[in-house]
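These notes are about the structure you will find just below.
The values are calculated or read from the model by the stated rules, or taken from the named source; none is laboratory data. Every value quoted in this text rests on a predicted model; they were computed, and no experiment measured them. Neighbour counts are summed over all protein chains in view; Cβ atoms, including those assigned to glycine, are modelled from backbone coordinates with ideal geometry. When the accessible area is computed, the model is the full protein with side chains, heavy atoms only, and any ligands, DNA or RNA have been set aside. Shrake-Rupley method; radii C 1.70, N 1.55, O 1.52, S 1.80 Å.
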Amino acid sequence: MSSPIMGRVVATEKKPNTAHEFHFWTSLDSPVGIGTIVRVDGERPVNGQLPRIYGIVVEGFSYTDLLSPIHDVLGHDGAPETAAQAATLRAEIRLYTAHVLRQIPDEPLQPVPMGTVALASDEDVAVALRMDTYLKAGTNTGIPCGLYRAGAMEAPIYLDAEFLMGPEAAHLNISGVSGLATKTSAVEWLLSSIFTHFPENKGSVAAVCFNVKGPDLLFLDKPGTLDDADHAIYDKLGVPAKPFERVRYFAPYTAQGFSINTLRSNEALSHNLSPLTWGLNEVMQFAEVLLNRDDVDAKADAFIDFLQERVINREFRDPVLSSPHRVRSFGELEQFFRDLLRGMEDRSSGEHWRTHHVATIRKVRNRLSNISTRCAGLVTDEGAVSDLPFGSFEDRTVYVVDVASVEEDAQDLIFARVVSKLREHLERRDLGVSHVIVFVDELNKYAPADGPDTYVRKMLLDISERGRYLGLVLFSAQQFRSQVHRRVPGNSGTSLYGRMDMDELATPGYAVLSPATRTKLATLEKGQLMVRHPHFAQPIFVRFPRPAVMRGRDGAEQFPPATDLAIDVAVMRSLRQLDSAVSLDWVKRTIAGHEEADVLRARNETLRTKPANVKSFFESRFRKIVPTEPVAVPVAVPIRALKGDDPYGF
């Protein structure tokens, strides 16, 4: 159905129309504003076809027939209240400037001709944004991202999966003021939309989300509060208004090792919470993340390479050593260093061992042994491993790695290893899914434009530049886009903008936007976004619903995190994930008399093995304590009494 005419194209010598910009006037009551999509119907055919042009309003002006404001003052004798007494109302015009979204026919590309202007209909919006090219039946690759609204008309806006998830283009970046731009909410909504509408012929998809602040992403499996307007948008876009069905959470232990270091520590939520712990083998691959390259020189680097190639995970023999060593954990690595340094001292073999100076050996020992202390709770001395299910990722599943309460060094190690493992498995096509979305918030911290070139920043740059060929897609968010390394947002095929800070909008990166568009960005309501996508010739404004998951603050109030737990309570909660019959009394009896380190080691082995009989396996991890037997006290034999008073016994 054709929309009614509401204006006409106009051009003057001072304001001519071009192939990319045109002007039109409307009546004072027309429902046109910044961001409105309009359709121009030409009046003269070109190559036998009437041209049709689609544009988006980027600026608006209001004029009267006054040459100067002083004329209006004189006309009312300097009294504003006399305006109602005027015999006639002064003529006023509304003039708008629009940028061209699409011209039909595409060739020849000519200035926008004179013609009538109407609001774009639902079908017009699809054509204007070239969505008709990827919404065809049978080859539909559209991912709903929100609703475009103009007056009473609502049109769904779709992103092309080929340009959002690869391989044509990929990655998404979102910018906005903290707390007002709803960046996390937008990502949660888009993940729901992708899980619902990602084409089956494109393969499977999962998401790995790093929770870097508070409880933001810790309750994705719990329903949130939606109003009627939100439900209407969900229905319009064909996305179920429900939380994610499959979510798994991972977090390191606290430094003590008793409980998991996360705000999702309520016992009612422990069913899908797993510890994240790594040993020597997992950490040594990414030792450079934790080692200061200015401190570790070429000599130390060579000795670390020697350890990785000749010592770790191999039976190593040497005359200096008292016995062969097979190093598989940080604890065994420390034993190796002690034996080596003691042997060098006892044998008086000088200051070198296999071309490595003793000072270099001591330096490397100090740096490597310190890793398990700096990353306590994540890195274990005994080598226990509890990791993400690399190789068995499930379709439409969210894996949340909570690093919000973890030290910065441990955060860097988690980012580096998780993303690197994802890339390795995607290269071998054995991850379990064909596409993985990696969501990283606070990009201003992890990929700043200035500062040292850290391993994490290199990793994010590598994903943004080469990840789309593997199916590794980066969803990133930050407050200040101008202060992020330009190659990360520059390689993002889709960009979203929430409410922006005026200082940020004044930076050169936003100069391509009109003043009116920048002003609208600075005053956007929650739930509104400006979207840039490869198919869209100009950015457009959309509205998205609140995610159907529980907000982090609400979840923390409804499921308050557990306080510091005693070791017996922590062990009971961990083992109950495998066997609900485990009781606190049984745990107390089992661990009585054993060291904390032995108890934690037994718990970790049980969680890693997942035995059929949890209690028997857990008990078998302890050495049997032989009960002490009371020592019999000999009874004193009294001295024989003597007869008479003769002291000699005669």
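Let me check against my output: what whole-number percent is the relative contact order of the chain, with C-alpha pairs under 8 Å and at least 6 apart?
Relative CO of the chain lands at 18 percent.
Which shape class applies to the range 178-245: rounded if a/c is under 1.5, otherwise prolate when a/b exceeds b/c and oblate if not, where a ≥ b ≥ c are the square roots of the Cα gyration tensor eigenvalues?
oblate
Quick check: pseudo-label points 7 Å beyond the Cα along Cα→Cβ at Asn140 and Asp462, how many nm apart are they?
3.9 nm
Where does the chain land on the Kirkwood hydrodynamic radius, alpha-carbon pairs, in angstrom?
Values: mean 1/r = 0.0336 Å⁻¹.
That comes to 29.8 Å for the chain.
Give a residue-ordered list of calculated ³J(HN,Hα) values for the range 331-341 (Karplus: 6.51 cos²θ - 1.76 cosθ + 1.60, θ = phi - 60°; whole Hz; x for Gly, Pro).
Along the range 331-341, the couplings run x, 5, 5, 5, 4, 4, 5, 4, 5, 5, 5 Hz.
Counting each DSSP H run of 4 or more residues in the chain as -39500 (n - 2.57), what helix-only mean residue ellipticity at 222 nm follows after dividing by all residues, to the nearest 500 deg cm²/dmol?
On the way: 22 runs with 193 residues, N = 650.
Counting only the DSSP helices, I get -8500 deg cm²/dmol.
Show which aspartates and glutamates lie in cross-link reach of Lys363 when reach means a straight Cα distance below 12 angstrom and same-chain residues fewer than eight apart are skipped.
Straight-line reach from Lys363, under 12 Å: Asp295, Asp297, Asp301.
For an R0 of 41 angstrom, estimate the FRET efficiency from the Cβ-Cβ distance between Arg44 and Lys526 and round to the nearest 0.05. Display every interim value, and only then the final one.
Working: r = 46 Å, r/R0 = 1.11.
After rounding, the FRET efficiency stands at 0.35.
By the gyration tensor of its Cα atoms, with a ≥ b ≥ c the square roots of the eigenvalues, what is the shape of the range 98-212: rounded for a/c under 1.5, prolate for a/b over b/c, or oblate?
Numbers: a/c = 2.17, a/b = 1.55, b/c = 1.41.
Taking the square roots of the gyration eigenvalues as a ≥ b ≥ c, the range 98-212 is prolate.
Could you check the simple spin-label distance between His71 and Asp29, using points 7 Å along Cα→Cβ, in nm with one decimal?
Output for this residue pair reads 2.8 nm.
Taking the Cβ of Arg621 as the center, what net charge do the other residues with Cβ under 10 Å away carry, scoring Lys and Arg +1 and Asp and Glu -1? Before the final figure, lay out the partial values.
Numbers: positive: Arg601, Arg603, Arg623; negative: Asp598, Glu605, Glu619.
That works out to 0.
Cross-link candidates for Lys520: which lysines have Cα within less than 18 Å, leaving aside residues fewer than 8 places away along the same chain?
Lys183
Straight-line reach only, C-alpha to C-alpha below 23 angstrom: list the lysines that Lys421 could link to, leaving out same-chain residues fewer than 8 apart.
Lys202, Lys445, Lys458
Calculate, axis by axis, the spread of Cα positions in the range 1-96 along the three principal axes, and write the results as whole Å, longest axis first.
Principal extents (Cα only, largest first): 57, 32, 23 Å.
As an exercise, use a Förster radius of 22 Å and the Cβ-Cβ distance of Leu89 and Ser3 to find the FRET efficiency, rounded to the nearest 0.05.
The computed FRET efficiency comes out at 0.20.
Taking Cα atoms, how many degrees apart are the long axis of helix 183-197 and the longest axis of the chain, rounded to 10 and kept between 0 and 90?
90 degrees
On a full-extension model of 0.36 nm per residue, what is the gain between His352 and Glu605, subtracting their alpha-carbon distance, rounded to one decimal in nm?
Gain in length upon complete extension: 87.1 nm.
Once the Cα atoms of helix 358-369 and of the chain are each reduced to a long axis, what angle between those two axes, in degrees from 0 to 90 to the nearest 10, is obtained?
Result, in degrees: 70.
Sort Arg90, Arg468 by accessible area with a 1.4 Å probe, largest first.
Largest to smallest exposure gives the sequence Arg90, Arg468.
Show the residues, 5+ positions off or on another chain, whose built amide H is closer than 5 Å to the amide H of Asn266.
Amide H neighbours of Asn266: Ala562.
Mind giving me the FRET efficiency for Leu321 and Arg553? R0 is 56 Å, r the Cβ-Cβ distance, nearest 0.05 is fine.
It comes to 0.50.
Apply the Karplus parameterisation 6.51 cos²θ - 1.76 cosθ + 1.60, with θ equal to phi minus 60°, to every residue of the range 267-281 and state each ³J(HN,Hα) to the nearest whole Hz, in sequence, with x for glycine and proline.
4, 5, 10, 7, 5, 10, 10, 10, x, 10, 9, 10, x, 4, 4
Extent of the range 50-109 along each principal axis, from alpha carbon coordinates, in Å, largest to smallest?
For the range 50-109, the Cα extents along the three principal axes come out at 56, 19, 17 Å.
Assign one of three labels to the range 293-372, namely rounded, prolate or oblate, based on the Cα gyration tensor with a ≥ b ≥ c the square roots of its eigenvalues; rounded applies when a/c is under 1.5, prolate when it is not and a/b is larger than b/c, and oblate otherwise.
Because a/c hits 1.5 or more and a/b fails to exceed b/c, the range 293-372 counts as oblate.
With the crude spin-label approximation of a point 7 Å out along Cα→Cβ, what separation in nm comes out for Lys588 versus Glu267?
Going by the 7 Å Cα→Cβ label model, 1.4 nm.
Taking 8 Å as the Cα distance limit and 6 or more residues as the minimum spacing, I'd like the relative contact order of the range 365-445 as a percentage.
Over the range 365-445, the number comes to 36 percent.
Could you pull out every residue, at least 5 positions away or on a different chain, whose amide H is within less than 5 Å of the one on Phe439? Hs are placed 1.01 Å off N in the peptide plane, and Pro or chain starts have none.
Hits under the 5 Å cutoff: Val208, Cys209, Phe210, Phe475.
By how many degrees, between 0 and 90 and to the nearest 10, does the Cα long axis of helix 455-466 differ from the longest principal axis of the chain?
Helix 455-466 and the main axis of the chain meet at about 50 degrees.
Amide H neighbours of Val549 under 5 Å, at least 5 residues apart or on other chains, H built in the peptide plane: list them.
Those lying under 5 Å, H to H, from Val549 are Gly224.
Once phi is turned into ³J(HN,Hα) by the Karplus curve 6.51 cos²θ - 1.76 cosθ + 1.60 with θ = phi - 60°, what whole-Hz value does each residue of the range 581-589 show in order, with x for glycine and proline?
Along the range 581-589, the couplings run 7, 5, 10, 5, 4, 5, 4, 4, 5 Hz.
On a full-extension model of 0.36 nm per residue, what is the gain between Lys15 and Phe390, subtracting their alpha-carbon distance, rounded to one decimal in nm? If you can, show how the numbers build up before the last one.
Details: separation 375, 0.36 × 375 = 135.00 nm, distance 6.01 nm.
Result: 129.0 nm gained on full extension.
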